[in-house]
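Undergrad: Dumping the structure here so I can ask a few things about it.
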Amino acid sequence: MIRVVRGLLLRAAVVLTGTAVATFALLWHAPGDPALAIAIARYDAVVPAEVIDQIRAEAGLDAGFWPAFKAWIMPLLTGDFGQSSVTGRPVWPEVTTALSYTAPLALMGLLVGILISVPLAVLAAQRPGGWLDRCAVALASIGAAIPAYWLGLLLVLLFAVQLGWLPAMGARTPAHSILPALTLGLGVAASLTRILRSGLLEAREQPFLPAFRRRGVSHRAIERDHVAPHAAIPVVTIFGLELAFLLEGAVMVEVIFARPGLGSFLINAIEARDFPKVQAVVILTALLFVTVNLLIDLIYRALDPRIGAQDA
């Protein structure tokens, strides 16, 4: 197991390194003069050429690609995300402040998705091909096909504009989180419902289950000890991916509902060409994906020992 974990950590390090290089390269070679964008964002006005040259030197934009990348990546290895090119303040406290709005929203969306998908999938799998099964599959397909930004606008039109039940913008009260969480949760529920339903149906068709029934094993014990672990493997995959994508989806939803968080933080940083802020968000997102994938691999081996035996 130690060798397996070491190999997984090595792959994670490779992914994070590639993400850091790709992000820095895209920002470095983006059209326009980043020093000019930083100057406009910093002073909110057109500034003389000598000020732009000074900003270019401060940001390390005149040092070349690899020297500038090294100057950024070396402090990052010690947990130092650097200072903002616009404000000059440390990036990490600003990122954590934005994350304090985004992370609870993502977790609320995940909770909504689980509360909707698990009962719906279990009920649908009880009678395959029945009316409830067909309705569940249809709703899941529609939910997966609707983009989050369009679904968010529909919810705003219905619950905020037409009915006036919920606020549409901001994050001042818990009620402001209902529509954004519902927007995220419905997308999660669509994916989880289809995967969990398929996993349950496949698990119940395993050839060894009739032998347990002939031996007098109760239906509840079969479902708990054999069907649920078998059905959990594909669910773990989609659950882990949804957990990682929720943070990315929350960024989009925050823009739709005018909420503070990583969404507005990232957009403002991109517009200002504030390299340290953009890179901090991308690296944190990549770290989340890598961590989730690592946990999924370990959970796989706990659910199905055959997966670990293949690596031995």
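The values are calculated or read from the model by the stated rules, or taken from the named source; none is laboratory data. Nothing here was measured: the structure is a model prediction, and the numbers come from that model. We place every Cβ from the backbone using ideal geometry, glycine too, and count neighbours over all the protein chains shown. Surface accessibility is based on the protein's heavy atoms, side chains included, excluding ligands, DNA and RNA. Shrake-Rupley method; radii C 1.70, N 1.55, O 1.52, S 1.80 Å.
Undergrad: Please go through region 75-131 and pick out each residue that is part of a loop (DSSP other than H, G, I, E, B) and acidic (D, E).
TA: Result: D80, single match.
Undergrad: Could you identify the single residue in R134, R220 that is at pLDDT 80 or above, open to solvent by 60 Å² or more (accessible area, probe 1.4 Å), on the phi < 0 side of the Ramachandran plot and not aliphatic (A, V, I, L, M)?
TA: R134
Undergrad: Here is a further query. Please work out which one of (1) open to solvent by less than 50 Å² (accessible area, probe 1.4 Å); (2) modelled with pLDDT of 80 or more; (3) within 21 Å of W92 (Cα to Cα) is the condition I267 fails and give its number.
TA: Evaluating I267 over (1) open to solvent by less than 50 Å² (accessible area, probe 1.4 Å); (2) modelled with pLDDT of 80 or more; (3) within 21 Å of W92 (Cα to Cα) leaves (1) as the failure.
Undergrad: All but one of (1) touching a Ser or Thr at 6+ places or on another chain (Cβ under 6 Å); (2) closer than 15 Å to A106 by Cβ hold for I178; state the number of the condition that does not hold.
TA: I178 satisfies all of (1) touching a Ser or Thr at 6+ places or on another chain (Cβ under 6 Å); (2) closer than 15 Å to A106 by Cβ except (1).
Undergrad: Right, something else. Of a type in the set (G, A, S), modelled with pLDDT of 75 or more and at positive phi, is that true of G82?
TA: Against the criterion (of a type in the set (G, A, S), modelled with pLDDT of 75 or more and at positive phi), G82 qualifies.
Undergrad: Mind listing whichever residues of region 23-63 are under 33 Å from the mean Cα position of the chain (by Cα) and open to solvent by less than 40 Å² (accessible area, probe 1.4 Å)?
TA: T23, F24, A25, L27, A30, P34, A35, A37, I38, A39, G60, L61
Undergrad: Same structure, new question: Being exposed (fewer than 12 other Cβ atoms within 10 Å of the Cβ) and either modelled with pLDDT of 85 or more or among the small types (G, A, S) (or both) is true for just one of A125, A145, A121. Which residue is that?
TA: Result: A145 is the single residue among A125, A145, A121 that is exposed (fewer than 12 other Cβ atoms within 10 Å of the Cβ) and either modelled with pLDDT of 85 or more or among the small types (G, A, S) (or both).
Quick grid of which residues meet (1) more than 21 Å from L76 (Cα to Cα); (2) assigned to a loop (DSSP other than H, G, I, E, B); (3) among the small types (G, A, S):
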{"residue": "L10", "(1), (2), (3)": "no, no, no"}
{"residue": "T23", "(1), (2), (3)": "no, no, no"}
{"residue": "G32", "(1), (2), (3)": "yes, yes, yes"}
{"residue": "A35", "(1), (2), (3)": "yes, no, yes"}
{"residue": "A41", "(1), (2), (3)": "yes, no, yes"}
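Undergrad: Related question: Open to solvent by 30 Å² or more (accessible area, probe 1.4 Å) and modelled with pLDDT of 85 or more: is that true of T87 in this structure?
TA: No, not satisfied.
Undergrad: Out of G164, G152, report the one residue that is in the same structural domain as V255 (by TED's automatic domain parsing), open to solvent by less than 30 Å² (accessible area, probe 1.4 Å) and modelled with pLDDT of 80 or more.
TA: After applying the criteria, what remains is G152.
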